[in-house]
Amino acid sequence: ETRVSTMASIQTLLGGVAISTAQQASGTLALDYYAPVFFSKIYSQYQQMNYGLNGIFYGVKIFAALAFVLLSADRFGTQGDLMVGAPFMAVFQIITAVLLERGSMNGGVTSISEATVAFMCLFAIAYNFSWGPLSFIYVNE
């Protein structure tokens, strides 16, 4: 009986480490770190707009996390939210990368640069509705 409970504990520990690793590997920390750099390169002529976009980006993240807590945290279950959030995060991150590759960092405001900012915000919303807060809750369950 002790060996069975030890194996269950090891499986739970490894599951928690895997979920936490996946959460850290989601790319959100890189996006948080480099978002101001993206904004300053896209809107290099408009310093005030750059500061405003930083505020909007981080405000979107906070609002999305608050909306998740108020609207979704107890309704749909942690596994469902994680499984739905991951593909949305992947799609938004891939689209952001493609848009950045297509030249939105050229120092001018274009439709591509505006779409890049929009998809960065959509990724932040998807992250804060799933892997951001849920990884900690799921590990504790």
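The values are calculated or read from the model by the stated rules, or taken from the named source; none is laboratory data. It should be emphasised that the depicted structure is a prediction, and the values quoted were computed from it without experimental measurement. Cβ sites come from the backbone with ideal geometry, for glycine too, and all protein chains shown count toward neighbours. Quick note on the areas: whole protein, heavy atoms, side chains included, nothing else; ligands and nucleic acids left out. Shrake-Rupley method; radii C 1.70, N 1.55, O 1.52, S 1.80 Å.
For the ranges 61-68, 12-19, what's the packing order if you count other beta-carbon atoms within 10 Å of each residue, average per peptide, and put the highest first?
Details: 61-68: 15.9, 12-19: 12.6.
The peptides rank, most packed first, as 61-68, 12-19.
Taking the highest mean first, how do the peptides 115-127, 25-37, 86-98 order by number of other beta carbon atoms within 10 angstrom per residue? Each step should come with its number before you reach the end.
On the way: 115-127: 21.5, 25-37: 14.2, 86-98: 16.5.
With the highest mean Cβ count within 10 Å placed first, the list reads 115-127, 86-98, 25-37.
For the full complex of protein chains and a 1.4 angstrom probe, list Ser20, Ser111, Ser130 by accessible area with the highest value first.
Values: Ser20 50, Ser111 90, Ser130 0 Å².
I get Ser111, Ser20, Ser130, largest accessible area first.
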